[in-house]
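**Q** Dropping the structure in here first, questions after.
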Amino acid sequence: MSDPTLYLFDGYNLLHAGPYGERRELVDALVSFVASTGARGVAVFDGAGDDFEIGRLAVRFAPDADAMLERLAAGHRERERVLLVSSDATVLGTAGRQVANLSSQTFFRDLRPAPVPTQPPGGLADRLDEDTLARLERLRRGE
């Protein structure tokens, strides 16, 4: 099921509040989050860098991330549900009443890592009989 929410992530605010030591680790977690919920997201970081997108997450860099988050919130709040993830009271206050908000700490508390399967998923080899497997192995070896 797809979540129609646009998540706006205050990048460095989240990085300092969460369990991740590097920006790359945080971005990977946010990519997994938006993919698992079917939502879209924009993570905004202060400073210089090349903007990029991974799946449904856009990563943006700006001299003033707070101002960019406010502009994104104002530009989207009339058309879709916007949820701003930040613990910065100034950003949350200027985003407007139509924008839902969530503190960085609450976001990480509620964020659950994707379950890791105990066994790898079954492949084609699990569904083939022994004779077919033997023939394929001979072909692989060039016999």
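The values are calculated or read from the model by the stated rules, or taken from the named source; none is laboratory data. Since the structure is predicted, the reported quantities are computational estimates derived from the model, not experimental observations. Every residue, glycine as well, gets a Cβ built from its backbone with ideal geometry; the counts of neighbours run over all protein chains shown. What goes into the accessible areas is simple: the full protein's heavy atoms, side chains included, and nothing from ligands, DNA or RNA. Shrake-Rupley method; radii C 1.70, N 1.55, O 1.52, S 1.80 Å.
**Q** Give me the three principal axis extents of region 39-91 from the C-alpha atoms, as integers in angstrom, largest value leading.
**A** 29, 28, 18
**Q** If you don't mind, there's one more thing I want to ask. What do you reckon, how do Asp46, Asp131, Asp3 stack up by accessible area (1.4 Å probe), largest on top? List each step's numbers first, then the result.
**A** Values: Asp46 65, Asp131 90, Asp3 40 Å².
The ordering from most to least exposed comes out as Asp131, Asp46, Asp3.
**Q** What does the charge count around Pro4 come to, taking other residues whose C-beta lies under 11 Å from its C-beta (Lys +1, Arg +1, Asp -1, Glu -1)?
**A** On the way: positive: Arg40, Arg79, Arg81; negative: Asp3, Glu80.
So the environment of Pro4 carries a net charge of +1.
**Q** Got a sec? What order do His76, His16 fall in by accessible area at 1.4 Å, biggest, i.e. largest, first?
**A** Details: His76 40, His16 155 Å².
Reading off the accessible areas and sorting them downward yields His16, His76.
**Q** Given labels modelled 7 Å from the Cα in the Cβ direction, how far is it in nm from Thr106 to Asp64?
**A** 2.7
**Q** OK, next. Using Cα-Cα distances under 8 Å and only pairs 6 or more residues apart, what relative contact order does the chain have, in percent? Could the numbers behind the result be given before it?
**A** On the way: 202 pairs, mean separation 32.6, N = 143.
Averaging sequence separation for qualifying contacts and normalising by length gives 23 percent for the chain.
**Q** Let me ask something additional. Find, among the GluC sites (Glu not before Pro) in region 17-53, those assigned to loop by DSSP (not H, G, I, E, B) with at most 13 other beta-carbon atoms within 10 angstrom. Present the calculation step by step, with values, prior to reporting the outcome.
**A** On the way: sites: Glu22, Glu25, Glu53; in loops: Glu22.
Loop-located and lightly packed - Glu22.
**Q** Ratio of the chain's C-alpha Rg to 2.2 N^0.38 Å, to two decimals? Kindly include the intermediate steps, with their values, before the conclusion.
**A** Values: Rg = 21.2 Å, N = 143, 2.2 N^0.38 = 14.5 Å.
Here the answer is 1.46, to two decimals.
**Q** Kyte-Doolittle mean at least 0.5 and Cα extent at least 15 Å along the axis: which DSSP H helices of the chain qualify?
**A** Values: long enough: 23-37 (21 Å, 0.55); 65-76 (16 Å, 0.13); 130-141 (17 Å, -1.33).
Passing helices, by number: 23-37.
**Q** Which percent of the accessible area of the chain is formed by carbon and sulfur heavy atoms (probe 1.4 angstrom)?
**A** Percent of accessible area from carbon and sulfur atoms in the chain: 52.
**Q** Next question. May I ask for the net charge around Ala100, where only other residues with Cβ less than 10 Å from the Cβ of Ala100 are counted and Lys, Arg are +1 while Asp, Glu are -1? Show your work: numbers first, answer last.
**A** Numbers: positive: Arg77, Arg81, Arg97; negative: none.
Combined, the nearby Lys, Arg, Asp and Glu give +3.
**Q** I've got another one for you. Which FRET efficiency value, to the nearest 0.05, is calculated for Ala48 and Glu25 with the Förster distance at 30 angstrom and r the Cβ-Cβ distance? It would help to have the intermediate numbers written out before the result.
**A** Details: r = 20 Å, r/R0 = 0.67.
With R0 = 30 Å, the Cβ-Cβ based efficiency is 0.90.
**Q** What fraction of the Cα pairs in region 1-40, stated in percent, has a spacing above 16 angstrom?
**A** 35
**Q** For the chain, what is the charge dipole size about the Cα centre, in debye to the nearest 20, if Lys and Arg each add +1 at the Cβ and Asp and Glu each add -1 at the Cβ?
**A** On the way: 17 positive and 22 negative charges, 60 e Å.
Value, rounded to 20: 280 debye.
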